[in-house]
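Enquirer: There's a structure below that I have some questions on.
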Amino acid sequence: MSSSEAQPEMPEGYLGPQERFNELGLSVLSHTDAVVTARDNHFEIKLKSRGPIKVTHQLQSCKDEKDYSEFVFTQIKDGVVQFLIHFPLPGWYKLQVYALPLSDPSKSLPNVYNYLLHCTKALNPAFPFPKQYVQWKDGCYLYEPLNLCESTRLTHVKWRVLVPHAKQVAVVVDEEWNHLENKGGPIFEGSCNLNQYRGKDKKVTLNANFGDDESKYSTLLEYHIK
């Protein structure tokens, strides 16, 4: 599938950096032009941040304003803000980036940058990324798995995550707990068999314990095996 639609018109001042972008110490790392052609539907955009920030996003189709935000995964490591994008279909999309300093308690993040993305071909399967909970955005980083879906191998799923300040990290599905092993510092690794849940519409969560109470876990990520 491919797309050759004409570039949609955007309101003046909509594209590129917005009011708080420079103030937050953000800069563009991978794509300096706010209008980007993606010749593959698996795509990555990177920004740079000078200080600790929290970031969220919205991905919308320009054609019908449909929300595809679950097809974007945002994470930050070593000051690099990474947006992994799976475009489900060819066409034009708006990627809106929102950010605030990590120390700011506000739940409402201002819009800091807008991209107009043109996916010309969708040759790869596109699957939603795991849902990110609030505590995940506090410096966590996912190496694998980026998604669990009908096309992924579920017999021996490898996990590798960076979770600052965590005492324990576990993968939970149907009340079954699989604890990951601390590999030093904030890195946790492990593997588990999830094949028995294929086709059963199950939620798989990544959870972490941060405090003195060993029974309290916070949900960080939520996957869906359909």
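Enquirer: If you take Rg and Dmax of the Cα atoms in Å from the coordinates, which of (1) 18.4, 57; (2) 21.0, 81; (3) 18.1, 52 do you get?
Expert: (1)
Enquirer: Distance between the C-alpha centers of the stretch 1-66 and the stretch 152-226? Whole Å please.
Expert: Distance between centres, Cα-based: 31 Å.
Enquirer: Multiply the residue gap between E176 and N124 by 0.36 nm, knock off their C-alpha separation, and tell me the result in nm, one decimal place.
Expert: 15.5 nm
Enquirer: Of all GluC sites (Glu not before Pro) in the stretch 14-91, which ones are in loop regions per DSSP and have a Cβ with at most 12 other Cβ atoms within 10 Å?
Expert: Answer by residue number: E19, E23, E65.
Enquirer: State which entries of K46/K137; K107/K158; K137/K203 exceed 26 angstrom in Cα-Cα distance in the structure shown.
Expert: Flagged as over cut-off: K107/K158.
Enquirer: Rounded, prolate or oblate: pick one for the stretch 16-119, where a ≥ b ≥ c are the square roots of the eigenvalues of its C-alpha gyration tensor, a/c under 1.5 means rounded, and failing that, prolate if a/b is larger than b/c, else oblate.
Expert: Prolate is the answer for the stretch 16-119, as a/c is 1.5 or above and a/b outweighs b/c.
Enquirer: Let me ask you something else. What are the trypsin sites (Lys or Arg not before Pro) within the stretch 45-111 that DSSP puts in a loop, where the Cβ has at most 15 other Cβ atoms within 10 Å? Can you show the working numbers first?
Expert: Details: sites: K46, K48, R50, K54, K63, K66, K77, K94, K107; in loops: R50, K63, K66, K107.
Answer in residue order: R50, K63, K66, K107.
Enquirer: Taking 22 Å as R0, compute the FRET efficiency from the Cβ-Cβ separation of K200 and H156 and round it to 0.05.
Expert: With R0 = 22 Å, the Cβ-Cβ based efficiency is 0.75.
Quick note: the coordinates plus some simple rules give every number you see, no bench work behind them. All figures in this text were calculated on a predicted structure; none of them were measured in a lab. Virtual Cβ from ideal backbone geometry, glycine too; neighbours counted across all protein chains shown.
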